[in-house]
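These notes concern the structure reproduced below.
The values are calculated or read from the model by the stated rules, or taken from the named source; none is laboratory data. Because the structure is a prediction, the values reported are computed rather than measured. Here the Cβ positions follow ideal geometry from the backbone for every residue, glycine too, while neighbour counts run over all protein chains shown.
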Amino acid sequence: MLSPHYTTREILKDIYILESIENYLEANDFDILFKEISYYLKNEKIIFIFNFHYNNESQDNEVFKTQYLPYDDLESIYQSLIEVKNIFLKRKKCNHSFIREVISEGESKGETHPLGHGVCSICGYKKKNVFSPLKNKRLVKGLFDEYITKQDWSEDTPLQCGKSGIVIGKEKSYRTAFFEAFPEVSGLVTFIRGEGNTIQEAESACFKKYEKMLNCKEHDFSRVYKNKERLDGTAICTKCNLFSTEALPPLTRCVVSNEITKNKINNEYITFKSYFDRDIETNFNNYKKYQNEMLSNLNIQESDEEIKEDYFYFHFEYYLFKKLSENNSEEILYNLKSKTTIHRIFGFIEKFIIKEIFELNENEFPNHEDIKIKILSEYLGENLNFILDYYNKNGYIDPKEIFSKDLIKKLKEI
Ligand SMILES: [Zn+2]
Ligand SMILES: [Zn+2]
């Protein structure tokens, strides 16, 4: 009997049940049916994943998930495995007859799946893209269910919704259904939110605001937003409430050169040129000062490892952008810095750098290895176009394809 409290490692060590199940599957010819059977542990339950394939010629696969308490008796586990096997045997023999899938849960329950997914009326097999998608209908995934839009949103407008969002207010907090859209209006990307008793009500409220913006003949932008004058270009139309951080040209000026700039580094407006002309110590001290203010406002004390982490990230970004500033305009640098792309790319290579180059464990950071950080950042800066292309094409970065063996060797030897 397994204890109800154990870690993944313990359950894998206590492999008796898993081995028994594997033996059972093998003895009962489950391998003709399943391409892959894997399992993991979640909330003290074993989750089995059966990756089932219908026939060898087609690419059709179906993933079936089922879960057991590891201390359930084996007989009942075998029993349910036989049930799964029978379902899949039936599906394997079935000449599927697809009908459009309908949404099974939530506010849109019973409505037709707009993406054209099919479900076999005989055996229940679900398959993607069997039918042509429904026009003017968008499927929006909420946290717990799916919602089908009722309004005519354009296809490329990002949408999100939920049936019970929490709004934290100064006077009182409340729960509400919400619908949020990020459409482009008059060339400006904006954010619109609607609330209501149901998602449909919230969507309708959101769409009304959107229509008002689309129908606004001539926007009248005001820099006063929430009773505060904003000089960075953020403005709101007094007629239709269209809000954008890029609505008007900025009026903010560089603290060093007095040129107009909307670039903000560590809470001061400064052009990249002025920033990199200034010595790195001043910049780092400004960064620490700004950060310490924020941390003390939040009553947070940094650990030694977090201080090293800060040092690492500051220098990494500093050398990267300094390298990029050699060949790029203020505008390009500003856009690179404001978009999350570079941070995402860094997310893909960070662990690799820490492990392979600094030879540290996860969650550890190097201590003042400025030269190595500088070489790495400059290398990334020099090859950024290649890296961005790679990322845009594949949606991820494989660090091994970016850093050559020679470069890693050279860095290790420093
Ligand atoms: Zn079927
Ligand atoms: Zn307007």
Within the range 374-414, of all residues that are under 23 Å from the mean Cα position of the chain (by Cα) and basic (Lys, Arg), the one surrounded by the most Cβ atoms within 10 Å (Cβ to Cβ) is Lys400
The residue from Leu115, Leu159 that alone is hydrophobic (A, V, I, L, M, F, W, C) and over 17 Å from Glu201 (Cα atoms) is Leu115
Filter the range 219-231 for residues that are charged (D, E, K, R) and at pLDDT 95 or above; the one that is nearest to ligand 1 (Cβ to nearest atom) is Asp220
Based on this model, can you work out whether Asn363 counts as surrounded by fewer than 18 Cβ atoms within 10 Å (Cβ to Cβ), outside any helix (DSSP H, G or I) and either among the basic types (Lys, Arg) or within 24 Å of the chain's Cα centre (by Cα) (or both)?
yes
Q) Got at least one residue in the range 373-395 being over 17 Å from Leu320 (Cα atoms) and of a type in the set (Ser, Thr, Tyr)? A) yes
Answer yes or no: is there a residue in the range 260-268 that is crowded, with 16+ Cβ neighbours inside 10 Å, in contact with a Pro (Cβ under 8 Å, 6 or more places away or on another chain), at negative phi and among the hydroxyl-bearing types (Ser, Thr, Tyr).
yes
Filtering the range 296-337 down to residues that are loosely packed, with under 15 Cβ neighbours inside 10 Å and part of a helix (DSSP H, G or I) yields Ser296, Asn297, Asp304, Glu305, Glu306, Ile307, Glu331, Ile332, Asn335
A careful count of residues in the range 176-215 that are over 16 Å from Cys161 (Cα atoms), in contact with a Ser or Thr (Cβ under 9 Å, 6 or more places away or on another chain) and assigned to a helix (DSSP H, G or I) gives 2
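Filter the range 373-414 down to the residues that are among the aromatic types (Phe, Trp, Tyr), part of a helix (DSSP H, G or I) and touching a residue at least 40 places away in the same chain (Cβ under 8 Å) and list them by number. Reasoning before the result, please.
Taking the range 373-414 and keeping what is among the aromatic types (Phe, Trp, Tyr), we get 379, 386, 390-391, 396, 403.
Subsequent filtering for residues that are part of a helix (DSSP H, G or I) retains 379, 386, 390-391.
Result: Tyr391, single match.
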Picked from the range 87-98 (must be modelled with pLDDT under 90 and either within 16 Å of ligand 2 (Cβ to nearest atom) or not aliphatic (A, V, I, L, M) (or both)), the residue surrounded by the fewest Cβ atoms within 10 Å (Cβ to Cβ) is Asn95
